[in-house]
Amino acid sequence: MSSPSTQLVISKRMGIYEPFQQVSMWGDNFKVENSLNSGPSQIFMVNPITEPKAEYIPHESTGPSGDDQETNTAVSKVLRRLQQNREAARKSRQRKKAYVQQLESSRLKLMQLELEIEKAKKQGLYMGGAVDATYIGSSGTINPGIAAFEMEYGQWVEEQHRQSAKLRNAVQTESSPGELHQLVESILNHYSNLFRMKADAAKADVFYLISGVWKASVERLFLWIGGSRPSQLLNIIVPQVENLTDQQIASCTKLRQSSQQAEDALSQGLEKLQQSLVHNMAADALGSFGFPMTSAMEKIEALEGFVSQADHLRQQTLQHMSRILTVQQAAQGLLALGEYFQRLRALSSLWSARPSDPTFQT
């Protein structure tokens, strides 16, 4: 596999390097095929045929006229009672529906409040009284797109733990290649879901995603454009894989070199964007305030493209790595990767729970 082109395209509009445009150096053939999540199965719903309820229909009385009148009166009362019951049931359903909607609204508000409190604890921003308006606005609520991402990401981490445990058991019990293949596909698709979630979060607030506040504290130490470096992922996976052939080792080396070249291109483009932004904000200090801000906003919007390209590179690296390896080896590599991130999160928890330094206590 040859090294990808690292050509950087000059933006006519901003005069800066745009994100690396040719990160997908391996082509479409590296997409994961036979994915377990290739498409939802069709579920056919058959509406049951509701039988009409039988109503009480009085028989014609053959008795005297007085009895006929009493019968008609009784029938009228029964019909009136049935109508009242139907109306009461209808109002009851309406009240129940409104109550459920109110509960759902209250649940969402509570979840938002819990996220705000948790974020404030992690950031330690309430102590200074200055809360970033990007996350918590003047209305007291955070960006709904970010709130949705944090909930989804929490569920994603839990699912990663579950899938890693299942894969570990399959490797230890020497499951069949078919079963291992399904588990490997499932985990690769799980990482693809994370990249999709991050793309939505970047649209909601790209600074939130790049800052890495959604990750554990130790994970942020290795942050690169909203995630891990693809070459770093390879450095975690390859040493844990057994029985690599010479051809596999050569392919892994080429893949690492290609990933590093693409990383360098993105890093240079991001640095160029930062320099242009600084120049834009510092220049013409006595001139018009509006034009520099408009130009700066355009440059900030370009950050979303960098995050997208970085995640695309991460995804392609994982998928191509799985094609270099056998199913058994890919299972070993993905298991090592999942356990690595679990250890980082565990270390972050230990760090957060460490005892306070007595020298700083009064």
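List every residue pair whose Cβ atoms sit under 8 Å apart, with the two residues 6 or more apart in sequence or on different chains, where the first one lies in segment 242-254 and is in contact (Cβ under 8 Å) with a residue 24 or more places away in the chain and part of a loop (DSSP other than H, G, I, E, B) and the second, anywhere, is of a type in the set (Val, Ile, Thr) and surrounded by 11 or more Cβ atoms within 10 Å (Cβ to Cβ).
Leu244/Val238
Quickly run through segment 194-231 and pick out the residues that are under 18 Å from Gly305 (Cα atoms) and either of a type in the set (Val, Ile, Thr) or open to solvent by 30 Å² or more (accessible area, probe 1.4 Å) (or both). Spell out the reasoning first.
So in segment 194-231, the residues under 18 Å from Gly305 (Cα atoms) come out as 194-212, 223-230.
Arg196, Ala199, Asp200, Lys203, Ala204, Val206, Phe207, Ile210, Ser211, Leu223, Ile225, Arg229, listed by residue number.
If I go through segment 151-176 residue by residue, how many of them are assigned to a helix (DSSP H, G or I) and either without any contact (Cβ under 8 Å) to a residue 12 or more places away in the chain or open to solvent by 50 Å² or more (accessible area, probe 1.4 Å) (or both)? Break it down stepwise before answering.
Applying the first criterion (assigned to a helix (DSSP H, G or I)) to segment 151-176 yields 151-172.
Next, from what is left, pick out any that are either without any contact (Cβ under 8 Å) to a residue 12 or more places away in the chain or open to solvent by 50 Å² or more (accessible area, probe 1.4 Å) (or both): 151-152, 154-155, 158-159, 161-162, 165-166, 168-169, 172.
Qualifying residue count for the region: 13.
The values are calculated or read from the model by the stated rules, or taken from the named source; none is laboratory data. Values in this document were obtained by computation on a predicted structure and should not be read as measured data. All Cβ positions, glycine included, derive from the backbone under ideal geometry; neighbour counts span all protein chains shown. Each accessible area value is taken on the protein alone, full model and side chains, heavy atoms only, with ligands, DNA and RNA left out. Shrake-Rupley method; radii C 1.70, N 1.55, O 1.52, S 1.80 Å.
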